[in-house]
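What follows is a set of notes on a single structure, which appears directly below.
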Amino acid sequence: MKSLTIGTRGSPLALAQVQIIRDLLQKACPALPVETKIISTSGDNFTNLSLTTGGGKGLFTKEIEDQLLRGEIHVAVHSLKDLPTILPAGLMIGAVPSREDVHDAFISKRFGSIHELPNGAHVATSSIRRRAQLLANRPDLQIGEIRGNVETRLRKLAENSSLDALILAAAGLRRLGLWKTYGNFQWQEIDFTIMIPAVGQGAIACEVRESDTVTCETMARINDPGTAACTTAERVFLQALGGGCQVPYAAHATVEGEHLRMVGATFSPDGKKVSRVEIVGSKNDPCDVGERAAKQVLG
């Protein structure tokens, strides 16, 4: 192919993720010119919409996918956790490169961990998955919603005297170079025993047209099989449960030799009811792992 055009949101994190993809492509296909096209999405244009009630994951992907389907771009790059489990007809995930840190991050001006927060402390998150798990561990906390890009949320934490802590994905902070560098904050990766990550957290998805065999072959060169297997199991788990942004689901898979181990969980929004399972299967059959985890968590 003569050149490859990547479509992306224009946020600092989205552009940082595209740069990761560009660097990988430069190593895999050094003679291939790569261009970036910034596409505005509903999630960017309507920042007052709640992620839990205003359209969920599709808020950040639909407009980019529309241009991909029309052939105006070759690849759509997303945070995998933003991508719905059922893709539009004709589209597929062409590559999932090696994953970043999958933990959620606790950030506070005065406190070092969730357990150090005083009774009734105010914590901000836009995720009902995080909200449910926070309340499961600390039902006394006051949880509020927060919107904006990563730096906007950190600024709000710094400027709002009534806000005690913020929960963000560690991957985004690391990709932006903000981890333990922004502001006079205390930082902690939240242990998986307290907070299981979102499906696909820390992973980048490269979405392509199924019919575009040249682009499919190109993107396959930067795919990480282990990350792809783990995120496939997680996404199958979520799809089998019919989940999205409106339901508190979580899953995290890891490759251990020839095996794939996944922890999956569902929560009531108030955190009072938790159903957690751990499944081990073949790394070559991630769909089976995801499907069995869903059946058990529902049982």
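Along the stretch 75-89 the Karplus relation, 6.51 cos²θ - 1.76 cosθ + 1.60 evaluated at θ = phi - 60°, assigns HN-Hα couplings of 9, 10, 9, 9, 5, 4, 5, 8, 8, x, 6, 9, 8, x, 3 Hz to successive residues, with x for each Gly and Pro. Summarised in one figure, the compactness ratio Rg/Rh of the chain, Cα atoms and Kirkwood Rh, is 0.96. Our helix-only sum for the chain, with -39,500 (n - 2.57) per DSSP H run of n ≥ 4 divided by its residues, gives a mean residue ellipticity at 222 nm of -9000 deg cm²/dmol. A DSSP coil position with no more than 12 other Cβ atoms inside 10 Å describes the following GluC sites (Glu not before Pro) in the stretch 241-299: 258. Count Lys and Arg as plus one, Asp and Glu as minus one, and take only other residues whose Cβ is under 15 Å from that of residue 208; the net charge is then -3. Within the straight-line cut-off of under 28 Å between alpha carbons, the lysines reachable from residue 283 are 27, 57, 81, 295, sequence neighbours fewer than 8 places apart in one chain being disregarded.
Annotation for the stretch 90-187: trypsin sites (Lys or Arg not before Pro) lying in DSSP loop with at most 14 further Cβ atoms inside 10 Å of their Cβ are 110, 180. Largest mean-square fluctuation among 162, 126, 40, in a Gaussian network model of the chain whose springs join Cα atoms under 10 Å apart, belongs to 162. A Gaussian network model of the chain, with springs between Cα atoms under 10 Å, assigns the largest mean-square fluctuation among 115, 103, 252 to 115.
Computed from the coordinates by the stated procedures, all read-outs in this text should not be read as laboratory data. Everything quoted here is computed from the prediction, not taken from an experiment. Cβ atoms come from the backbone with ideal geometry, glycine included; neighbour counts cover every protein chain shown.
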